[in-house]
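Beneath this line is the structure, given in structure tokens, with notes to follow.
Taken together, the values in this text are just the output of simple stated rules run on the coordinates, not laboratory data. What you see is a predicted model; the values in this text were computed from it and never measured. Here Cβ is always computed from backbone atoms with ideal geometry, including for glycine, and neighbour counts include all displayed protein chains.
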Protein chains: 2
Amino acid sequence: MVNLDLNKLPVARADMVVNPCAACSVRDLSICSVLDEDELQQMSEIAANLQFSPHDPIIDEGEAADFLFNVTGGTVRLYKLLPDGRRQITGFLTNGDFLGIALNDNYTYSAEAVDQVNVCRFPRKKLESLLDQYPHLEKRLLGVASNELVQAQDQMMLLGRKTAKEKIVSFLLSLSKRQTAIGRAASPVALPMSRSDIADYLGLTTETVSRTFSLLKRDQSIRIQEGGMVALPDIDHLTELADGY
Amino acid sequence: MVNLDLNKLPVARADMVVNPCAACSVRDLSICSVLDEDELQQMSEIAANLQFSPHDPIIDEGEAADFLFNVTGGTVRLYKLLPDGRRQITGFLTNGDFLGIALNDNYTYSAEAVDQVNVCRFPRKKLESLLDQYPHLEKRLLGVASNELVQAQDQMMLLGRKTAKEKIVSFLLSLSKRQTAIGRAASPVALPMSRSDIADYLGLTTETVSRTFSLLKRDQSIRIQEGGMVALPDIDHLTELADGY
DNA sequence: TCAACCCAATGATGCAGGTCAATGCGTCGT
DNA sequence: ACGACGCATTGACCTGCATCATTGGGTTGA
């Protein structure tokens, strides 16, 4: 469940050997970036690379939490359901994010592939013994979890107190920030998820999401480009909109 | 910001010496329960016991995060503000909860006393060196943070997808669960916070909170007792109401 | 090539919960 | 004892977003 904020990743300390992750091929972003050669070796022997297609379930709420995942490609949605089918998406995970860090015996949320997804899967038992061996790993995980908590609180503010327009703008800005951090071109934001995913993430309906996008287009606050990319011409203006100045 | 779920506290391992916390007088609930005599000695030398009256600020968003707190009495509200004054309360902390665990340099939320509050305050620098010395502490903190994340996701579901009635009932049930875990009498729930605190926690207005309480009273779903305590006569029924069956 | 879908967009209408306003009740200070 | 104040409750009304319904474009597969 932990959603790694790339902006706040603790920089690998000089005395650590920073390696590409042999198992999952994500350099410097994954858990592997704090492992040395021996540890990496141990990890890659037990890791599995898996692929998922759009809508494939990755984990189901309630099932035994035997694995930890590292997203290495594509976008994953985390969500919870109410008995009558109402859905709340609690986060989108992309390249480098961890999935399944929680220490519970069972997953407390479900995860599905939004688009074509690659993950690197480790048995959690193995990770736990690694944690005992290498305490600095624990510190890093604590940092990851702590960043997740900060984001969760921002999301509570968004869900509880922001208007539809503020929600959409906040969402676009957070995507932009994250995609910029990962190193894609800053300007146009990719939206791999559907309107209904966005709605369930922001506590709205698809219709309201759609209408709000139209509104922002009319405003010239955003521009839709070919391929569904969204350009954000004036970040400062949007930043004010996001907090309702 | 970390809100300790007493149900899920890792039980102190047999090989740890479990002590009362000399500095803050909360037994078995606080960080001190995983320290041995020497560590406790170190801690109590640098800890301060502080008292706060209703509405007193405890920490302000943005200020340097130099301290970590352990709540030892009363109720604390954590919140964030939008520029126009809209407030989202992200959690209420009570006996045994930690405040300020996040690893950022500055607090990302504010905290105030709801009623008469006691806390035990440690310099964070000192805690960090303790963390380096005693890695099991880190594991425990990771467990605390991970439980917090689970709760945060439940709160997102509540804020994004539940009705006013479901929100209030969910809130009462979570208070009941927590107060029962702490060991108070199970049945009547104490509500130290105001209607407007509840509203800002649940993404509602004070009027809607008030009306919804009246509704639940009419239903016989809850009963108000002297001293503002709320009795929950049928937990199973309420549990269904909370998830909108 | 053309159904059968799925998804986005948009219009018409409804309603849950927000806003505004009035009342009442404790509590506190003088 | 009494005004001033903060908080809870309740009523009347309003509105932002939900709901319901229609259209159209893009994709899939027979």
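Mean partner shielding of peptide B:156-167, defined as the number of other chain Cβ atoms within 10 Å of each residue Cβ, is 6. Using the Cα gyration tensor of the range B:162-242, with a ≥ b ≥ c the square roots of its eigenvalues, what is the shape: rounded (a/c below 1.5), prolate (a/b larger than b/c) or oblate (neither)? Since a/c stays below 1.5, the shape of the range B:162-242 is classed as rounded.
Applying the Karplus relation 6.51 cos²θ - 1.76 cosθ + 1.60 with θ = phi - 60° to the range B:190-205 yields 3J(HN,Hα) values of 8, 10, x, 8, 6, 4, 6, 5, 4, 4, 6, 7, 9, x, 10, 9 Hz, where x marks Gly and Pro. For label points placed 7 Å from Cα toward Cβ, what is the shortest-first list of nm distances from B:Asp84 to its copies? Result, one decimal in nm: 3.0.
Subtracting the Cα-Cα distance of B:Thr206 and B:Glu128 from 0.36 nm times their residue separation leaves 24.0 nm of extension gain.
Within 10 Å of the Cβ of each residue in A:127-138, the mean number of Cβ atoms contributed by other protein chains is 2. Each Cα pair under 8 Å and six or more residues apart adds its sequence gap; the mean of these over the residue count of the range B:162-242 is a relative contact order of 38 percent.
Relative to the 2.2 N^0.38 Å rule of thumb, the range A:98-245 has a C-alpha radius of gyration ratio of 1.23.
Any lysines with Cα under 17 Å of the B:Lys125 Cα? List them, leaving off those in the same chain fewer than 8 positions away. Answer for B:Lys125, where 17 Å is the Cα cut-off: A:Lys139, listed by chain and number. Mean partner shielding of peptide B:57-69, defined as the number of other chain Cβ atoms within 10 Å of each residue Cβ, is 0. Label-to-label distance, A:Ala64 versus B:Thr163, with points set 7 angstrom from Cα along the beta-carbon direction: 4.0 nm. Note on B:Ser187 and A:Gln225: with the Förster distance fixed at 60 Å, the Cβ-Cβ geometry gives a FRET efficiency of about 0.50.
Summary for A:Ala231: label point 7 Å along Cα→Cβ; distances to the equivalent points in the other copies, ascending, 6.7 nm.
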